[in-house]
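> Have a look at this one.
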Amino acid sequence: MDTLLQVSVNSGTNKYKQKTKKLSASKQINHKTIHLTKQRKKNSQSPYSNMTPEKCLEKLMYEAGITDNQLAKFHIKVKVGSYEKEETKNIKNGLQICFKNKEEDWVNTKKVYAEHEPRVYEELISSCEEVFTCDYKDSVKKDKLAGMLDKTGGGIVLKYSEKSLQIYRLCQIRVFVEGDKVIRSTKYDIPEKKVFSYTTFVEQFQKKTETLKPIVITLGKSDDTKLSVEIIPFAQKILSEYYQTNNSDAEDITANLRNLATMIMPL
């Protein structure tokens with residue numbers, strides 16, 4: 001009887017010691033976690049969070065080796081019914097997008113603007129060094145877009161300056177950016193509409209609200225993409241990935257260490 005009691009007591013003692021050992025080890029890991037977290041916050045707490053978006057962008061460009069010329073590159077995808085064409089363009093000095101595939105129509109349109117809308121021609125068309133043209137064939141007839149295309153004379157102009165992208169509407173057909181209407185440029189007024197800003201983008205991922213998605217421009221109707229343009233800033237993804245890589249949150253490290261501790265020694 002005494003022997004059985006002694007074995008029972010020893011068994012209970014051993015279980016208590018094992019549990020105490022696990023708790024002690026867990027506390028050590030928790031203490032280490034807290035220490036690492038504090039050290040992380042002290043030494044490298046959000047290296048970009050206290051900067052203005054302008055300074056943050058400047059620092060990111062320097063550290064990631066991104067030039068102003070790269071910021072001026074945009075991937076353009078034009079859709080005309082079932083026809084699609086994609087190109088990457090540097091639009092530092094402007095890009096005019098032509099939706100008509102007949103070269104003579106395009107040349108005639110430029111002549112018309114030069115004669116009847118000289119201000120628009122000088123400020124928008126003549127200064128563009130890049131032109132995006134389409135070469136669709138019978139797809140337009142099948143998609144019944146001929147009527148819409150007749151109103152696309154002049155197309156749209158994209159310009160990049162001060163790390164921002166602006167759009168100008170020349171065509172008669174209505175143009176929308178993410179649902180917002182773009183006012184047509186005339187000899188009386190040349191309104192610009194900002195569609196993207198690298199500074200605003202940086203500010204968004206400082207606040208953890210950024211989204212990587214194309215800028216969508218539609219013609220005709222705001223929710224109809226039969227005649228549309230998708231634009232992706234060339235350096236957007238590079239900046240975002242570099243920022244995320246060099247701005248790890250100390251709380252994420254804490255969570256990872258706690259998950260590791262649970263896996264090694266479940267209580």
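> Taking segment 184-202, which residues are surrounded by fewer than 21 Cβ atoms within 10 Å (Cβ to Cβ), touching a helix residue (DSSP H, G or I) at 6+ places or on another chain (Cβ under 6 Å) and within 19 Å of LYS59 (Cα to Cα)?
If the condition is that a residue be surrounded by fewer than 21 Cβ atoms within 10 Å (Cβ to Cβ), touching a helix residue (DSSP H, G or I) at 6+ places or on another chain (Cβ under 6 Å) and within 19 Å of LYS59 (Cα to Cα), then THR199 is the only one that fits.
> Could you grab me the full set of residues in segment 55-92 that are assigned to a helix (DSSP H, G or I) and open to solvent by 50 Å² or more (accessible area, probe 1.4 Å)?
If the condition is that a residue be assigned to a helix (DSSP H, G or I) and open to solvent by 50 Å² or more (accessible area, probe 1.4 Å), then LYS55, GLU58, LYS59, TYR62, GLU63, ASP68, ASN69, GLN70 are the ones that fit.
> With the structure loaded, tell me whether ALA250 is in contact with a Lys or Arg (Cβ under 7 Å, 6 or more places away or on another chain), surrounded by 16 or more Cβ atoms within 10 Å (Cβ to Cβ), farther than 30 Å from ASP143 by Cα and at pLDDT below 90 or whether it fails that test.
Yes, satisfied.
> Quick one: which of VAL157, VAL175, VAL182, VAL229 is under 16 Å from the mean Cα position of the chain (by Cα) and at pLDDT 90 or above?
VAL229
> Only one of LYS151, LYS181 is of a type in the set (D, E, K, R), out of contact with any strand residue (DSSP E or B) (no Cβ under 6 Å at 6 or more places or on another chain), surrounded by fewer than 21 Cβ atoms within 10 Å (Cβ to Cβ) and more than 30 Å from GLU54 (Cα to Cα); which?
The unique qualifying residue is LYS151.
> Name the pairs: first residue in segment 222-246 and closer than 14 Å to THR211 by Cβ, second residue open to solvent by 80 Å² or more (accessible area, probe 1.4 Å), Cβ to Cβ under 8 Å, at least 6 apart or on different chains?
Taking only residues 6 or more apart or on different chains, the pairs are GLN236/LEU212; LYS237/LEU212; SER240/LEU212.
> Could you please let me know if PHE205 is within 22 Å of TYR62 (Cβ to Cβ) and open to solvent by less than 20 Å² (accessible area, probe 1.4 Å)?
Yes.
The values are calculated or read from the model by the stated rules, or taken from the named source; none is laboratory data. What you see is a predicted model; the values in this text were computed from it and never measured. Positions of Cβ are generated from backbone atoms using ideal geometry, with glycine treated the same way; all protein chains shown enter the neighbour counts. These area figures cover heavy atoms from the full protein model, side chains too; ligands, DNA and RNA do not enter into them. Shrake-Rupley method; radii C 1.70, N 1.55, O 1.52, S 1.80 Å.
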